[in-house]
1. Mind listing the long-range amide H neighbours of residue 44? Cut-off is under 5 Å, sequence gap 5 or more, other chains count too, H placed in the peptide plane at 1.01 Å from N.
2. Sorting 63, 113 on the 10 Å Cβ count, fewest up front, what's the list?
3. Rounded to the nearest 0.05, what FRET efficiency do residue 203 and residue 57 give with R0 = 41 Å and r taken as the Cβ-Cβ distance? Could you check?
4. For an R0 of 41 angstrom, estimate the FRET efficiency from the Cβ-Cβ distance between residue 215 and residue 88 and round to the nearest 0.05.
5. How far, in nm, would the chain grow between residue 78 and residue 98 when pulled straight, counting 0.36 nm per residue and subtracting the alpha carbon separation?
6. Only counting other Cβ atoms within 10 Å, I'd like 207, 85 sorted with the fewest neighbours first.
7. Run the quick spin-label model on residue 147 and residue 161: label points 7 Å from Cα toward the beta carbon, then report their separation in nm to one decimal.
8. With a 10 Å Cβ neighbour count serving as the proxy for reagent exposure, in which order, fewest first, do 39, 89 appear?
Amino acid sequence: MHRSAFGRVSLLLLALVAPAGQADPCDSVFCLDAVVVSVADGDTVTVLDPVRRTQIKVRLTEIDTPERGQPWGSRARQALADKVFRRQVRVASQGEDRYGRTLARLYVGARDINREMVREGHAWVYRRYSSDAWLLEDERAAQEGRRGLWSLPEAGRVPPWEWRRGARVASGTRASAPTVAVGTSVPPTCGTKTYCREMSSCEEARFFLAQCGLTRLDGDGDGVPCERLCGGGR
């Protein structure tokens, strides 16, 4: 829904349901009170607009949860569903993304659901799109307390933006990869390895850095992955 539509609906609904004396999260953004009718994953829901009787897909902004197929992905989805499914929420919209989804913070009463997902260890702060320093504090506390995904072994804690980048490259590699002759080595595939200790050669490490965007392999940012395998020079 466009901002203007959110604005018109917001004025009507806030006048009817905004609690007296309570600070309103929608003072400076466009808002909609709606009911969550489905939960796609840990950071995407569909809500029903009670006025227009239309469904709106909402992407929780400033956070990123594990994708389907990632460790903790199904648990993050269930955690969000437990909080919002079939409940009335306040959608504090911050616009739309390129897929037409409404970007928003979700509130149940005074509860900030985006923040709860980070605080409980179900989500990373999406640093590329977040300016909320408090979210970073919540993430740090969750990590130190080994809550949620932070209780996983280190190899299982791959940020979803790295996972998606690897999956896209892997998809393109599979589509264009030639048939491998019997007796030859199978080329590496994005998403199958994550850390330097898993690499069998410098060439493999360079593939995962350059083709899969696995920046954690280049800890000092000099463009050389896995220093013990590749040495200090280019």
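1. HN-HN under 5 Å from residue 44: 60.
2. Numbers: 63 28, 113 22.
Ordered from fewest to most neighbouring Cβ atoms within 10 Å, 63, 113 come out as 113, 63.
3. Working: r = 42 Å, r/R0 = 1.02.
With a Förster radius of 41 Å, E is 0.45.
4. 0.50
5. Details: separation 20, 0.36 × 20 = 7.20 nm, distance 2.60 nm.
Between residue 78 and residue 98, full extension yields an extra 4.6 nm.
6. On the way: 207 21, 85 15.
Ascending number of Cβ neighbours within 10 Å: 85, 207.
7. Reported label-point gap for residue 147 and residue 161 is 2.2 nm.
8. Details: 39 20, 89 24.
Starting with the residue having the fewest Cβ neighbours, the order is 39, 89.
Every number here is computed from the coordinates shown, using simple stated rules; none is lab data. Because the structure is predicted, anything quoted here is derived from the model rather than measured. Neighbour counts run over all protein chains shown; Cβ positions are idealised from the backbone, glycine included.
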